[in-house]
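Some notes on the structure that comes next.
The values are calculated or read from the model by the stated rules, or taken from the named source; none is laboratory data. Since the model is a prediction, treat every value here as computed from it, not as a measurement. As a convention, Cβ positions derive from the backbone with ideal geometry for all residues, glycine included, and neighbour counts pool all protein chains shown. What goes into the accessible areas is simple: the full protein's heavy atoms, side chains included, and nothing from ligands, DNA or RNA. Shrake-Rupley method; radii C 1.70, N 1.55, O 1.52, S 1.80 Å.
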Amino acid sequence: MKDKNIYKKAMMLAVPMMIQNGITNAVSLVDNLMVGSLGTERMTAVSIIGQLIFVFSLAIFGGLSGPGIYCAQYYGQGNKEGFQNVFRLKIWIGFAITAGGILTFTLAGSNLIGLYLSGSAGGIDAGNTLNYGLDYLHIMLIGLLPFTITQIYASSLREIGESIKPMVGGIASVIVDVLFNYLLIYGKFGMPRLEVKGAAIATVLARFVEMFIVVIWTHISIKKYSFLQGVYKKISVPLHMAKPIVIKGLPIFLNEFLWSGGIAALTQCYSIKGLQIVAGLNISNAICNLLNVVFIAMGNAVGIVIGQYLGASMFEEAKKVSDKLRWFTAGICLILTAVLIACSKAFPMMYDTSDDIRYLAQWFIIITAVFFPVQGFLNVLYFTLRSGGKTIITFLFDSGFTWVVSVSLAYVLCKWTMLPILTIYVIIQAADLIKVIIGYILVKKGIWLTNLVV
């Protein structure tokens, strides 16, 4: 019965996150298919900007995750004042990252896109791809601030066990995005045909809708959330409280920022073998991202549940939860592997592109699918270590490994060897097994069993 309660608690947190993120990624998939129907250059341009926005999104996630550790533990402890101070700190951190992101994309957008256009063209017009990318990026910048505000609220709600409101906001944003994508990309029902620009406008509108729903609904039902009542009576955060949270959270921010940058750099390394690789990866990522929300949500749920146990100094229970949910997540991922392999041939056929790109996409999907259980297991190891505040270790474990091993290895193999891209992709995916071994040893030693708010 105790085991069932553990799984139930984790799933009650994870399933709404899976639904929200799954629907969001389903919209990205629909966007991808709609833009993909316009030609390979447009699809590749949107894919490149997606990589850059992904870095920003993970920077926000990382910036809020450090304070989030304290939110979960303060909630487990029953400390309202501590929780509210951390919420206010999230606002300052989120706005600072957003300002930095907008400035960077505005000043260096062309150069960042150009990094992906340095390889052989593979029949793709690099100049047109750059122009389409800039059109898409400039509009997408408008949606960065509402995205940040939504994440501040959604993460805080989840840390007190409420994941329904963020899910509903996500569903509404999806409906808006799909509707306006159809209207504005193709120019239906009297709307202008804006193609790539239309896709960007639809996404920005969806971001605003999601923000309004989550924020307004939270404050309408504020009586349910005592930890958020009166949170705006002041906006300042005591320095003696902010300093240790920022110090503890900085490695998480740097980790998420550098890790996502590392993933973008990996794609850039692969593009050395040809711009068609970017197009193939875009198709693969569209379907794989739809399913990887499962282990990402499970990792987040495990971190929150364990954080609450640690805040209450229930260390043995925290260990048991980590062990059980780690294997549970890997088992779920085996099912996802079978699903992805089953649709690996049919899905690329939905794109208006060349047979070579479809072939690459099919095998990228298969290879990614095979390593899904590894990624699920690894994700829970990461969130377990992080829940106890071991942020330096997770920094080295995650982004440090990505840059030192994965990116370096990919660059050398792509630049200096004649190995085919699919072989290189398998090698890079298999390198994560090293992280699994290291992470498993660290978790079993129990170095993460720490109450940060005692």
Inspect all residues belonging to the range 403-422 and state whether any of them is open to solvent by less than 20 Å² (accessible area, probe 1.4 Å) and aromatic (F, W, Y).
no
How many residues does the range 276-323 hold that are among the polar types (S, T, N, Q) and open to solvent by less than 40 Å² (accessible area, probe 1.4 Å)?
6
Could you identify the single residue in I365, I421, I447, I357 that is at pLDDT below 90 and under 27 Å from D125 (Cα atoms)?
I357
First in the range 161-182 and without any contact (Cβ under 8 Å) to a residue 24 or more places away in the chain, second anywhere and hydroxyl-bearing (S, T, Y), Cβ under 9 Å, 6 or more apart
none
Considering every residue within the range 117-130, establish whether at least one is surrounded by 24 or more Cβ atoms within 10 Å (Cβ to Cβ), more than 17 Å from the chain's Cα centre (by Cα) and assigned to a helix (DSSP H, G or I).
yes
In the set F95, F61, which member is over 18 Å from S387 (Cα atoms), among the aromatic types (F, W, Y) and either within 23 Å of the chain's Cα centre (by Cα) or open to solvent by 20 Å² or more (accessible area, probe 1.4 Å) (or both)?
F95
I want to confirm something. Restricting to the range 336-365 and keeping residues that are over 28 Å from A301 (Cβ atoms) and among the β-branched types (V, I, T), which single residue is surrounded by the fewest Cβ atoms within 10 Å (Cβ to Cβ)?
T353
Going through the range 229-278 one residue at a time, which ones are farther than 20 Å from G63 by Cα and assigned to a loop (DSSP other than H, G, I, E, B)?
Q229, G230, Y232, K233, K234, I272, K273, G274
Which one of these is in a helix (DSSP H, G or I), open to solvent by less than 30 Å² (accessible area, probe 1.4 Å) and either touching a Lys or Arg at 6+ places or on another chain (Cβ under 7 Å) or among the charged types (D, E, K, R) (or both): R88, R42?
R88
Taking R326 as meeting all but one of (1) closer than 30 Å to G78 by Cα; (2) open to solvent by 60 Å² or more (accessible area, probe 1.4 Å); (3) in contact with a Leu (Cβ under 8 Å, 6 or more places away or on another chain), write down the number of the exception.
(2)
Determine whether K223 is in a helix (DSSP H, G or I) and surrounded by fewer than 20 Cβ atoms within 10 Å (Cβ to Cβ).
yes
Within the range 241-275, considering residues that are of a type in the set (D, E, K, R) and either buried (at least 24 other Cβ atoms within 10 Å of the Cβ) or without any contact (Cβ under 8 Å) to a residue 60 or more places away in the chain (or both), the one nearest to V412 (Cα to Cα):
E256
If you check F83 against the conditions, is it farther than 25 Å from R207 by Cβ and either more than 24 Å from the chain's Cα centre (by Cα) or open to solvent by less than 20 Å² (accessible area, probe 1.4 Å) (or both)?
yes
Can you list the helices (runs of 4 or more DSSP H) found entirely within the range 370-454 that contain at least 1 residues being among the acidic types (D, E)?
432-445
How many residues are touching a helix residue (DSSP H, G or I) at 6+ places or on another chain (Cβ under 8 Å) and over 13 Å from I139 (Cβ atoms) if we restrict to the range 188-205?
5
Pairs where the first residue, in the range 293-308, is modelled with pLDDT of 85 or more and the second is among the small types (G, A, S) and crowded, with 24+ Cβ neighbours inside 10 Å, C-beta under 8 Å, 6+ apart
none
Conditions (1) free of Cβ contacts under 8 Å to residues at least 40 places away in the same chain; (2) on the phi > 0 side of the Ramachandran plot; number of the one not met by G446:
(1)
Within the range 176-197, identify whether any single residue is more than 30 Å from D135 (Cβ to Cβ) and open to solvent by 50 Å² or more (accessible area, probe 1.4 Å), and answer yes or no.
no
